[in-house]
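Enquirer: Here you go, one structure.
None of the figures in this text is laboratory data; all of them are computed from the coordinates on show. Since this is a predicted model, take the numbers as computed values, not measurements. Note that each Cβ is placed from the backbone with ideal geometry, even for glycine, and that neighbours are counted across all protein chains shown.
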Amino acid sequence: MLRLVAVQAKTSVEDYLSADSFKAKIFSLCQEALSGYSGEAILAFPEVIGLPLLFAKDYKAMADSGLRLAFINLLKRDYKALFATAIQHKISLKSLYFYNALAAYKIYKESFAEAAKEFGAVIIAGTMFLPEIDDEITKGSHILGRGVYNYSYSFLPSSKTIARVAKVNLTRLEQKLLLDKAS
């Protein structure tokens with residue numbers, strides 16, 4: 001019998017301090033969700049579990065000061081690079097989402113894909129705010145367009161990505177955070 005498990009996750013800053021710590025957290029949550037069960041399973045992770053990965057280049061600041069202060073420190077320290085990102089992608093404040101998007105995406109995708117393979121489960125990964133990212137053999141991962149969406153990816157037990165879904169009905173908060181509505 002197929003088992004559908006809604007994974008509840010209590011996370012901390014420590015879970016996002018490195019790619020390895022995020023992967024370990026995802027593996028731990030999978031292990032707990034499937035404990036005592038052998039059979040096919042679909043694991044659904046909570047919304048925005050991947051959001052702190054946008055600080056993938058700034059783990060130390062996040063560990064020292066927490067997510068809110070890491071965000072402020074990022075603005076203060078990297079304002080020139082953020083401005084350059086805004087110009088490159090022809091966006092404004094959304095540049096905050098673009099700045100670390102590729103590094104965050106890599107950690108998110110690899111962690112959930114490897115967990116799907118390790119635990120032999122279909123995984124509906126929790127969401128994170130990202131621009132549209134395409135994976136091409138010749139170009140590698142790269143950003144397409146100027147939109148930022150609340151994306152969830154799904155992975156087969158083979159680790160293959162089978163879906164990328166952007167949220168259609170945004171909350172007021174998501175609208176204030178400049179996310180785009182999927183069409």
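Enquirer: In vacuo Debye scattering of segment 125-183, one point per C-alpha: log10 I(q)/I(0) at q = 0.17, 0.21 Å⁻¹?
Expert: With one equal scatterer per Cα and no solvent, log10 I(q)/I(0) is -0.62, -0.86.
Enquirer: Another question, then. Test of understanding: what is the full-extension gain from A44 to K10, defined as 0.36 nm times their sequence separation minus their Cα-Cα distance?
Expert: Gain on extension, A44 to K10, equals 10.8 nm.
Enquirer: Sorting I26, I137, I143 on the 10 Å Cβ count, fewest up front, what's the list?
Expert: Sorted ascending by nearby Cβ count, the order is I137, I143, I26.
Enquirer: A further question follows. Non-local amide H neighbours of E47 (under 5 Å, H modeled in plane, Pro and chain starts lacking H): which ones?
Expert: Placed amide hydrogens put T127 under 5 Å from E47.
Enquirer: How large is ³J(HN,Hα) for each residue in segment 41-50, as worked out from phi by the Karplus curve 6.51 cos²θ - 1.76 cosθ + 1.60 (θ = phi - 60°), to whole Hz, x for Gly and Pro?
Expert: Using θ = phi - 60°, the values come out as 9, 10, 10, 10, 8, x, 4, 6, 4, x Hz.
Enquirer: Test of the criteria: in segment 134-183, which trypsin sites (Lys or Arg not before Pro) are in a DSSP loop and have at most 14 other Cβ atoms within 10 angstrom of their Cβ?
Expert: Sparse-neighbourhood loop trypsin sites (Lys or Arg not before Pro): K139, K160, K181.
Enquirer: Can you tell me how much longer the chain between S28 and S158 gets when fully stretched, taken as 0.36 nm per residue apart minus their C-alpha distance, in nm with one decimal?
Expert: Going from the current span to full extension adds 44.9 nm.
Enquirer: Something else: Between T138 and E110, what is the label-point separation in nm under the 7 Å Cα-to-beta-carbon projection?
Expert: Using points 7 Å along Cα→Cβ, the separation is 2.5 nm.
Enquirer: Pop a pseudo-label 7 angstrom from the Cα along the beta-carbon direction at both Y37 and R172 and give the gap in nm to one decimal.
Expert: Taking the simple label geometry, Y37 and R172 are separated by 3.6 nm.
Enquirer: Excluding R3 itself, what net charge comes from residues whose Cβ is under 15 Å from its Cβ, given Lys and Arg +1 and Asp and Glu -1? Write down the numbers at each step before the final one.
Expert: Working: positive: none; negative: E32, E40.
Computed value for this residue: -2.
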